[in-house]
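Read-outs: derived from the displayed coordinates by stated rules, not from any lab. Keep in mind that this is a model prediction, so the values were computed, not measured. We place every Cβ from the backbone using ideal geometry, glycine too, and count neighbours over all the protein chains shown.
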Amino acid sequence: MTRPDDWHLHLRDGASLKAVLPHTVRQFARAIVMPNLKPPVRSVADAAAYRDRVLAAIPAGKQFEPLMTLYLTDNTSPEEIIRAKESQFVKAVKYYPAGATTNSDFGVTDMSKCDRVFEAMQQVDMPLLLHGEVTAQDVDMFDREKVFIERHLIPLKQRFPNLRVVLEHVTTSDAVQYVLSANNIAATITPQHLLFNRNILLQGAIRPHFYCLPILKREEHRKALLQAATSGNPKFFLGTDSAPHPRNGKESSCGCAGCYSALHAMELYTEAFESVDALDKLEAFASFYGPDFYQLPRNTEQITLGRTTWRVPDEVPFTEFGLVPLRAGQEMTWQMLDASMAEAN
Ligand code: NCD
Ligand code: ZN
């Protein structure tokens, strides 16, 4: 199939970036790189410097293009949006509700405060990427995406109908329904939300490596996501949300949100598509609809996935504590072959 891209990825910085980037580079040609560093990537200057650090971390002889994003805050200016558009390398602006997830303390406290920025984004056609969850304490954890759509997304789309939006990492049938019903909106879907429902979080014991945000939902929602991903509708495309945290940050009395899937993302998606006999829909989901939405050329290189069993490692090197990949220690049924291996076969 055509080499895919990852339209939602956390790469972190420094030694962590160097540890995880080779996994993504092996699988994907490009990725939309999330800006939730500490402190976040808020300006075009921050994004340029971060992009240089990502480029410097690409293993020798490999090709990879980081597509940068800006972190929206209450103080982002419309002028910064114009500069971002002119930069060519900033491809989108990311909205996090303040306090919703990892490193979101700088996030937006009230969406309507950003209307001048949304106006500028609509004008220059800069996509808005949404972490679509409310943080209101009276809203149940499992309803946060649905309530975000009702309270914030529907009014936003009414104010800015031409603003192109990606509802990131959708987790519910409500989100699928909404994306299908509205214009100028697409959605990314992670491998964990296609493969697992919320039961896995508490299967006989608490399993922190399946904890990400938005949290896994009921089986009926997983089925709706799998149906959307395999439907051939270009509004749904691949975004892993691979979000590395060191083992001690996950296995803790106050563990971080995030699943690590960069190691084996394509294998996980392939398994999900195969489970509903939809392998013929995988290439467009992984390699066509994302670049089409972002108005970028599709990749021309090919990759090969083969049917093989292999065991996901218990841990990969990352800081002094190591990183536990999604489904660590378990058997996989597909494997991405390196170009050299594909030729040998
Ligand atoms: C992400 C992270 O760790 O940066 N975690 C996650 O659970 N998805 C943040 C995010 O995208 O919500
Ligand atoms: Zn994310």
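Points to keep in mind about this one:
- When the range 31-82 is limited to residues that are closer than 23 Å to residue 104 by Cα and of a type in the set (S, T, N, Q), the one that is farthest from ligand 2 (Cβ to nearest atom) turns out to be 77.
- Considering (1) over 16 Å from the mean Cα position of the chain (by Cα); (2) assigned to a strand (DSSP E or B), the lone condition that residue 42 does not fulfil carries the number (2).
- Residue 38 passes every criterion in (1) surrounded by fewer than 17 Cβ atoms within 10 Å (Cβ to Cβ); (2) of a type in the set (D, E, K, R); (3) under 26 Å from residue 264 (Cα atoms); (4) in contact (Cβ under 8 Å) with a residue 24 or more places away in the chain apart from (3).
- Residue count for the range 126-152, restricted to those that are farther than 22 Å from residue 36 by Cα and either in contact with a His (Cβ under 6 Å, 6 or more places away or on another chain) or surrounded by fewer than 20 Cβ atoms within 10 Å (Cβ to Cβ) (or both): 9
- The residues of the range 275-287 that are assigned to a helix (DSSP H, G or I) and either closer than 25 Å to residue 300 by Cβ or touching a Phe, Trp or Tyr at 6+ places or on another chain (Cβ under 7 Å) (or both), listed by number, are 279, 280, 281, 282, 283, 284, 285, 286, 287.
- Top-ranked residue in the range 156-173 [being over 9 Å from residue 132 (Cβ atoms) and without any contact (Cβ under 8 Å) to a residue 40 or more places away in the chain; ranked as surrounded by the fewest Cβ atoms within 10 Å (Cβ to Cβ)]: 158
- Single unsatisfied condition, residue 209 versus (1) in a loop (DSSP other than H, G, I, E, B); (2) surrounded by 19 or more Cβ atoms within 10 Å (Cβ to Cβ): (1)
- Scanning the range 232-262 for residues that are within 17 Å of the chain's Cα centre (by Cα), over 20 Å from residue 33 (Cβ atoms) and surrounded by fewer than 24 Cβ atoms within 10 Å (Cβ to Cβ) turns up 234, 235.
- Answer from 321, 293, 237, 273 - the residue that is more than 24 Å from residue 62 (Cα to Cα) and within 16 Å of ligand 2 (Cβ to nearest atom): 237
- In the range 61-114, the residue that is farthest from ligand 1 (Cβ to nearest atom) out of those that are in contact (Cβ under 8 Å) with a residue 40 or more places away in the chain and β-branched (Val, Ile, Thr) is 82.
- Filter pass, residue 120 being surrounded by 18 or more Cβ atoms within 10 Å (Cβ to Cβ) and in a strand (DSSP E or B): no
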